[in-house]
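K.L.:
One structure is given below, represented as structure tokens, and several questions about it will come after.
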Amino acid sequence: MFMNIQISTIVGLTLFALYSISIMSLIIVVMLENRNPLKTIPWVIVLLFLPGIGLVFYFVFGQDNRRQRIISRRTYKRIMRPLHTNHLVQDQCVVEPAYQPLVNLLNRNHRNPLLYGSELSYYTNGRDKFEALLEEIGRARHHVHLQYYIFGDDEIGQRVRAALIRKAEEGVKIRVIYDDVGSWNVRKKFFRGMRQAGIEIYPFLRVAFPVLTSKVNYRNHRKIVVIDGKVGFMGGMNIADRYLHGSTFGTWRDTHFKLVGKGVHGLQSAFLIDWYVISKQLVKGKEYYPSEKIYSNNILQIATSGPTGQWRTLVQAILFCVLNAKKYLYIQTPYFLPTEDLNQALQMMALGGVDVRLMIPERSDTRTAHMASLSFLDDMVRAGVKVYFYRSGFLHSKLLVTDDALSCIGSANFDFRSFEHNFEVNAFVYQQAFARQMKAMFMDDLANHCDQLSPARWLRRPLPKRLAESFMRLFSPLL
């Protein structure tokens, strides 16, 4: 009996020692990653005071993947090579000197070249966007590449699915990527029917228990369509009926873009990189990057960002845009959870006299993220940032425009998840006419659908509400 107790004690102490060594080793790993101390300290506390649970939380949410690569450098260069060939003469691809460092940053981070002469049009409601998309799919002759975070099995999802199947039956090559978490509630037979019709379709980063991981990190949030290498779509809209019929609290206001011309090649390379990652198929050939005529004098760069790789490309680029604004900076975003650098930069520019305006939804589809967003507004309004609540439904648009010169459009929200965890795609457009269009769109929303936040009233809101918002802010990196 005494011997059994001794053995149990020794086994227990051994397991405790092994667990303690594991936890301490993991804490050392976290510290050696040299993250922002505001992110490192919470993980150390979680690991120390939540034994077992903290370990699971870290492996699900906390690992730093900056040094991981999901595609070899050689394969990446092979896919990107067509973007760097057949360039126009250099004097047609020159941006204002103030933005040349941004051009260099995007090119050095991901070899994103300047692309000249595309035609850009935009849609602010789902009906117009999907009618344009279906029309262009109907015109496809060689290939359709389609990638969405959500591909819903609903009215519009069925229409897009039927259009793709028809083109596949005509011999057009159809490749589809959907996010396995974003589309977790879609029935398997919805996608199985597409495969049976000859469509190549893959989920991005399949997860074992999607119901339990609908907020898990590292999701593909990109929305990309490329048709015959000539026409492309990108922006904030998924394939879902909410963009046609709205939600329980009104219309679903989003912004999506159609590209015609050379800029489509940037979307093509972004898609083909993701396609290689999930299928291990290297798709290449001149037919995917056809020669294009010049439609306008705009210059753009297609920039991708994700949790792997050394640099956080989009957060760096957007920080540059903020810090280089001279006259005005207008931002639309459904979720406002800025990194500390961006938080300080916005306040600094407003204090310096730049007209900084921020538009967010009055009501949100994610209550916790919205509460955390509100906690950032106190210092914003104190610094002079003008904040507007979009009241006519849910604002899901992602836009940054500055000084009638530079616009940033795409899939990325102004939050931790888009900047650090999700795979995103944005375009940086260097053209005055397009910037003025984006500014006019922003001002129309402001005049007809928004209420300006009153600093005096906002800063006097009830203490319990402020405490709840500040508490949710602690979880900003996970929301």
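The values are calculated or read from the model by the stated rules, or taken from the named source; none is laboratory data. As the structure is a prediction and not an experimental result, all values here were calculated from the model. Cβ coordinates were reconstructed from backbone atoms using ideal geometry, including for glycine residues, and neighbour counts include every protein chain displayed. Remember, those area values only see protein heavy atoms, side chains included, never the ligands or the DNA or RNA. Shrake-Rupley method; radii C 1.70, N 1.55, O 1.52, S 1.80 Å.
K.L.:
Any residue at all in the range 377-395 that is open to solvent by 10 Å² or more (accessible area, probe 1.4 Å), out of contact with any helix residue (DSSP H, G or I) (no Cβ under 9 Å at 6 or more places or on another chain) and not in a loop (DSSP other than H, G, I, E, B)?
P.N.:
Within the range 377-395, one or more residues are open to solvent by 10 Å² or more (accessible area, probe 1.4 Å), out of contact with any helix residue (DSSP H, G or I) (no Cβ under 9 Å at 6 or more places or on another chain) and not in a loop (DSSP other than H, G, I, E, B).
K.L.:
Being in a loop (DSSP other than H, G, I, E, B) and modelled with pLDDT under 95: is that true of residue 309 here?
P.N.:
Yes: the conditions hold for residue 309.
K.L.:
Also, I was wondering about something else. When both residues are 6+ apart or on different chains and their Cβ atoms are under 6 Å apart, which pairs have a first residue that lies in the range 264-279 and is hydroxyl-bearing (Ser, Thr, Tyr), and a second that is open to solvent by 20 Å² or more (accessible area, probe 1.4 Å)?
P.N.:
276/282; 279/202
K.L.:
Which one of the conditions (1) buried (at least 23 other Cβ atoms within 10 Å of the Cβ); (2) modelled with pLDDT under 90 does residue 458 fail to meet, given that it meets all the rest?
P.N.:
It is condition (1) that residue 458 fails.
K.L.:
Here is a further query. Please go through the range 430-479 and give me each residue that is under 30 Å from residue 404 (Cα atoms), without any contact (Cβ under 8 Å) to a residue 24 or more places away in the chain and of a type in the set (D, E, K, R), ordered by number.
P.N.:
Once the filter is applied, which keeps residues that are under 30 Å from residue 404 (Cα atoms), without any contact (Cβ under 8 Å) to a residue 24 or more places away in the chain and of a type in the set (D, E, K, R), the range 430-479 yields only 444.
K.L.:
I'd like the residue in the range 153-190 that is of a type in the set (Gly, Ala, Ser) and modelled with pLDDT of 95 or more and, out of all such residues, is farthest from the chain's Cα centre (by Cα).
P.N.:
171
K.L.:
State which residue is surrounded by the most Cβ atoms within 10 Å (Cβ to Cβ) when the search covers only the range 95-149 and only residues that are among the charged types (D, E, K, R) and assigned to a helix (DSSP H, G or I).
P.N.:
129
K.L.:
Now a separate question. Residue 404 is checked against (1) in a helix (DSSP H, G or I); (2) surrounded by 15 or more Cβ atoms within 10 Å (Cβ to Cβ) and fails just one. What number does that condition carry?
P.N.:
Single failed check for residue 404: (1).
K.L.:
Would you pick out the residues in the range 182-197 that are surrounded by 22 or more Cβ atoms within 10 Å (Cβ to Cβ) and either polar (S, T, N, Q) or part of a strand (DSSP E or B) (or both)?
P.N.:
183
K.L.:
Let me ask something additional. Looking at the range 418-444 only, could you name the residues that are assigned to a helix (DSSP H, G or I) and open to solvent by less than 10 Å² (accessible area, probe 1.4 Å)?
P.N.:
If the condition is that a residue be assigned to a helix (DSSP H, G or I) and open to solvent by less than 10 Å² (accessible area, probe 1.4 Å), then 418, 419, 434, 435, 438, 442 are the ones that fit.
K.L.:
Whether any residue in the range 202-217 is crowded, with 20+ Cβ neighbours inside 10 Å and either without any contact (Cβ under 8 Å) to a residue 40 or more places away in the chain or among the charged types (D, E, K, R) (or both) is what I want to check.
P.N.:
Checking the range 202-217: not a single residue is crowded, with 20+ Cβ neighbours inside 10 Å and either without any contact (Cβ under 8 Å) to a residue 40 or more places away in the chain or among the charged types (D, E, K, R) (or both).
K.L.:
Within the range 160-181, identify whether any single residue is at positive phi and surrounded by fewer than 17 Cβ atoms within 10 Å (Cβ to Cβ), and answer yes or no.
P.N.:
yes
K.L.:
Name the single residue that is nearest to the chain's Cα centre (by Cα) among those in the range 312-333 being open to solvent by less than 10 Å² (accessible area, probe 1.4 Å) and modelled with pLDDT under 95.
P.N.:
Only one residue tops the list, namely 314.
K.L.:
Something else now. Within the range 327-346, how many residues are of a type in the set (A, V, I, L, M) and either assigned to a helix (DSSP H, G or I) or closer than 18 Å to residue 421 by Cβ (or both)?
P.N.:
Here the count works out to 4.
K.L.:
Right, something else. Determine which single condition residue 476 fails, assuming it passes every other condition in (1) farther than 27 Å from residue 351 by Cβ; (2) at pLDDT below 95.
P.N.:
All conditions pass for residue 476, except number (1).
K.L.:
Among the numbered criteria (1) in contact (Cβ under 8 Å) with a residue 60 or more places away in the chain; (2) more than 22 Å from residue 307 (Cβ to Cβ); (3) aliphatic (A, V, I, L, M), which one does residue 383 miss?
P.N.:
Among (1) in contact (Cβ under 8 Å) with a residue 60 or more places away in the chain; (2) more than 22 Å from residue 307 (Cβ to Cβ); (3) aliphatic (A, V, I, L, M), the lone unmet condition for residue 383 is (1).
K.L.:
Just one of 295, 276 is in a loop (DSSP other than H, G, I, E, B), open to solvent by 20 Å² or more (accessible area, probe 1.4 Å) and modelled with pLDDT of 90 or more; which is it?
P.N.:
295
K.L.:
In the range 236-251, what count of residues is obtained for those that are part of a strand (DSSP E or B) and surrounded by fewer than 24 Cβ atoms within 10 Å (Cβ to Cβ)?
P.N.:
Number of matching residues: 2.
Conditions tested, residue by residue: (1) in contact (Cβ under 8 Å) with a residue 60 or more places away in the chain; (2) farther than 25 Å from residue 348 by Cβ; (3) acidic (Asp, Glu).
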residue: 358; (1), (2), (3): no, no, no
residue: 378; (1), (2), (3): yes, no, yes
residue: 393; (1), (2), (3): yes, yes, no
residue: 401; (1), (2), (3): yes, no, no
residue: 406; (1), (2), (3): yes, no, no
residue: 411; (1), (2), (3): yes, yes, no
residue: 414; (1), (2), (3): yes, no, no
residue: 428; (1), (2), (3): yes, no, no
